[in-house]
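Before any comments, here is the structure.
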Amino acid sequence: MSFMGSLKPAEFLYEIVKVYTPSGSESAVADLIVSQAESEKGIECEVDEAGNVVLVINPEYKGNRELLLFSHMDTVPGEREAEKNRETISGKG
């Protein structure tokens, strides 16, 4: 099991993209990531002073050790509904 629980990586990304996150309003997506990670034993979470989510996988963690990196969580203003198909996920979140 990964820290995404029952979500597959593409489903987790889609959930993140659906969240509207203009600059200065990234806390909702940070909360989503933290809530998923905190559900797993062996993963420590924190949101630093800049609003970045930091996850630490401890040695006792027994789940999947795949790594997912995000460059940033904010977007330019203006909402656009998230869309997904078999090959792509798009949106502004």
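The values are calculated or read from the model by the stated rules, or taken from the named source; none is laboratory data. Here the structure is a predicted model, which means the values were calculated and not measured. Positions of Cβ are generated from backbone atoms using ideal geometry, with glycine treated the same way; all protein chains shown enter the neighbour counts. Side chains are part of the model used for accessible areas, which takes the heavy atoms of the whole protein and leaves out ligands, DNA and RNA. Shrake-Rupley method; radii C 1.70, N 1.55, O 1.52, S 1.80 Å.
Only one of (1) among the small types (Gly, Ala, Ser); (2) modelled with pLDDT of 85 or more; (3) surrounded by fewer than 15 Cβ atoms within 10 Å (Cβ to Cβ); (4) within 15 Å of the chain's Cα centre (by Cα) is not met by Ala10, so which one is it?
Of the numbered conditions (1) among the small types (Gly, Ala, Ser); (2) modelled with pLDDT of 85 or more; (3) surrounded by fewer than 15 Cβ atoms within 10 Å (Cβ to Cβ); (4) within 15 Å of the chain's Cα centre (by Cα), the odd one out for Ala10 is (2).
Looking at the range 62-93, which of the residues that are among the acidic types (Asp, Glu) and open to solvent by 60 Å² or more (accessible area, probe 1.4 Å) is modelled with the lowest pLDDT?
First pass over the range 62-93, keeping only residues among the acidic types (Asp, Glu): 66, 74, 79, 81, 83, 87.
Still in the list and also open to solvent by 60 Å² or more (accessible area, probe 1.4 Å): 66, 79, 81, 83, 87.
Numbers: Glu66: 68, Glu79: 79, Glu81: 87, Glu83: 90, Glu87: 87.
Looking at the filtered set, the residue picked out is Glu66.
Considering only the range 45-61, state which residues are modelled with pLDDT of 85 or more, of a type outside the set (A, V, I, L, M, F, W, C) and open to solvent by 70 Å² or more (accessible area, probe 1.4 Å).
Passing the criteria: Glu46, Glu49, Asn52.
Quick check, is Gly24 out of contact with any helix residue (DSSP H, G or I) (no Cβ under 8 Å at 6 or more places or on another chain) and not hydrophobic (A, V, I, L, M, F, W, C)?
Considered against the rule, which asks whether it is out of contact with any helix residue (DSSP H, G or I) (no Cβ under 8 Å at 6 or more places or on another chain) and not hydrophobic (A, V, I, L, M, F, W, C), Gly24 comes out as yes.
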